[in-house]
Amino acid sequence: MMHFKCRLRRINFKSIIIVIVFIIAILYLKEWSSAVEDVVKSEAFVFDTPEAIGLEEKVKQYEAGIVENLGNNGDAAYLEGPDRVKGEEALKKVALNTVLSDRMPLNRTLRDPRNKKCKNFTYRPKLKASVVIIFYNEIYSVILRTVWSVILRTPPHLLQEIILVDDASTEEGLKELLDHYIKTRLKNYDIKLLTLKHRMGLIRARLHGARVASGDVLIFLDAHCEATEQWAEPLLARIEEDRTAVLVPIIDVIEAHNMAYATNGETYQVGGFTWAGHFTWIDIQDEEDKHTLGPVKSPTMAGGLFAIDRKYFWEVGSYDEQMDGWGGENLEMSFRIWQCGGRLETVPCSRVGHIFRDFHPYSFPDNKDTHGINTARLAHVWMDEYKRLFFMHQPSLENNPIIGDLTHRKQLRQKLRCKSFRWYLENIYPEKFIPDENVIAYGQVKNKYDMCLDDLQLADDKVGPLGIYQCHPYVAMSQYFSISSKGELRKEAFCAEAFSTNVVQLTECHSHSREQFWVYFPKEGRIYSPSFKKCLSSEGVRESSGLVVDSCKNSPHQKWTFTNFNNT
Ligand code: UD2
Ligand code: MN
């Protein structure tokens, strides 16, 4: 009896566990599938309903509007007459000439933009790719041109499938039209169209695509890209060699106004970041890397276009699922990959064009600053003590409950035994300027009239005057400067440079330049340019116009104090 009871208990316990696991699995599956309305596969299409006939007519209308060869070879294309005016209007409204795109063949040809030597390489990867393309209210012809470029330029044996994820677009009829096009014109290819029930933002949209994918490698693309000759092979081959290598192609520019596939020839840049949490392009630093056609170390990635081993994607923490909307996920993934033992590389023999738009053609629910919030999340999780430099730009986000719970991401970092952010800076991005380390003085720089040095909102990548402006509390935004130990008067990647006209401009820092060399004399408050033998002066300079160098004298215009001065 005893024995029997015991057995019974054992059975009960075991079956309870099984039932619980079963229920959890069902719940999980339910939750997951409920977020995705339907997965449309391109098989089994019935072409006789009135809806299908209506859609067919619409697609035919589009097809009839296509001008043969327009934009072929990736050339710039232009419209005439009323279309031209409409195109210009569209450009203003959605940052893209949609009218022109609609007139161009969906399968337009492109010139091979690669370095000629790339053609000599043979790649024989065995891995297959699932290409995941997410979109929210993108233009039908632009999405399909992206899809066509993948179909045309990926060898079929390397392409597992294309997964389109519609992040609950509100554009009327878009989904139906795409669905119809896929079922009729692309029925021989494995193309899945997923529709999310609610808008989830690009991070969770990508996660949905990744969950459905079955290829060995995930390749993510924005929905306004065009892949070029042999774009996939070097990516797959490199992952075959090292499954922890996460790869980005060279991202070429497709011009939003005339759809020209523009290239910068053989030169390209890799990814950096600003302390305000933005992605930037930076020059390749290592001499060797400048001349190779093999993969090149990239400290960060832009985010939209990359290839990653599918299993490794999940092992290394996929994405932070609590990141909403747009922005930040690219730096999060970049830091995480490097800190947790992987590599991030640009592959120069793989090139994909992307339409860079001047503004977001869509709005964000509740006008939430998702980029700021997402970056605050990653700063807390990955940047250790260096997060101070991000939160200097966004002080209100540091301890703000709006950024949500971070437990899971911190646990992930522990589980993967990831290295510190200092390690990342020292080993992966040693050229990154840290404004309060290895500097002589830093902070706000005030003259005797209580005016502060100011970058006058200098936009990224541009040259502009170094000015003065009323000192204000949002120091980091425009008034935070350092005198580096190399003698640069510097803000992020920009250095004060004196010109023979006596004007002082902010230009990109190029080390060892005499015009960018300054000596600070704290007692006199002088910022002295040895090459001109002159001092930085605000004399005769009106608020918000540029400073000058002038012969040194005992003038309140030449007395500058930094908020922080390192005596050592
Ligand atoms: C860049 C990336 C982008 C993403 C972003 C930071 C490139 C070339 N692009 O901005 O992929 O990493 O930085 O987050 O590296 N979308 C949605 N749901 C939304 C909003 C957008 O699905 O709520 C789609 C959108 O249709 C597009 C993709 O996400 O296909 C990226 O959006 P974007 O093109 O506006 O971003 P981009 O290129 O300015
Ligand atoms: Mn994009």
Order by neighbour count: 48, 83, fewest other Cβ atoms within 10 Å first, most last. 48, 83
Quick one: which residues, 5 or more positions from residue 281 or on another chain, have an amide H under 5 Å from its amide H? H modelled 1.01 Å from N in the peptide plane, none for Pro or chain starts. 272
Gyration tensor over alpha-carbon atoms, the range 265-369, equivalent ellipsoid semi-axes in Å: 25, 19, 13
The FRET efficiency for residue 184 and residue 211, from their Cβ-Cβ distance with R0 = 30 Å and rounded to 0.05, is 0.65
Rounded to one decimal in nm, the spacing of the 7 Å Cα→Cβ label points at residue 450 and residue 510 is 4.1 nm
In a shell of Cβ-Cβ distance under 15 Å around residue 565, excluding residue 565 itself, what net charge do Lys and Arg (+1) and Asp and Glu (-1) give? +1
Under the 0.36 nm per residue contour assumption, what length would be gained going from the current alpha-carbon distance of residue 563 and residue 542 to full extension? 5.3 nm
So, with points 7 Å from each Cα along the Cβ direction, the residue 69-residue 502 label distance in nm works out to 6.0 nm
Among 16, 49, 403, whose Cα sits farthest toward the positive end of the charge dipole of the chain (+1 at Cβ of Lys/Arg, -1 at Cβ of Asp/Glu, about the Cα centre)? 16
What per residue convex hull volume, in Å³, comes out for the range 439-565 when only alpha-carbon positions are used? 91 Å³
At 7 Å along Cα-to-Cβ for each site, give me the label-to-label distance between residue 408 and residue 521 in nm. 6.0 nm
So for the chain, considering every pair of alpha-carbon atoms, how many percent are separated by more than 37 Å? 42 percent
Pairs of alpha-carbon atoms within less than 8 angstrom and 6+ residues apart define the contacts here; what relative contact order does the chain have, in percent? 11 percent
Under 5 Å between amide H atoms, partner at least 5 residues away or on a different chain: which partners does residue 110 have, H built in plane at 1.01 Å? 73
Restricting to Cα pairs below 8 Å that are 6+ residues apart, what does the relative contact order work out to for the range 264-385? Please round to a whole percent. 28 percent
May I ask you to list the aspartates and glutamates whose Cα is less than 13 Å away from that of residue 368, ignoring any residue fewer than eight positions away on the same chain? 324
Take each of the peptides 90-103, 359-372, 329-342, 266-279, average the number of other beta-carbon atoms within 10 Å over its residues, and list them starting from the highest. 329-342, 90-103, 266-279, 359-372
Please list the non-local residues whose amide H lies under 5 Å from the amide H of residue 341, H modeled 1.01 Å from N, same-chain partners needing a gap of 5 or more. 419
The chain: DSSP helices with Cα axial extent of at least 30 Å and average Kyte-Doolittle hydropathy no lower than 0.5: 2-35
Potential lengthening between residue 400 and residue 12 on full extension [0.36 nm per residue; Cα-Cα distance subtracted]: 135.0 nm
Most positive-pole-ward Cα, 469, 429, 174, against dipole of the chain from beta carbon charges: 429
Of the listed pairs 128/410; 183/311; 534/559; 419/462; 58/175; 448/534, those with alpha carbons more than 23 Å apart are 128/410; 183/311; 419/462
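We did not get these values from a lab; they are worked out from the coordinates using the rules stated. Here the structure is a predicted model, which means the values were calculated and not measured. Positions of Cβ are generated from backbone atoms using ideal geometry, with glycine treated the same way; all protein chains shown enter the neighbour counts.
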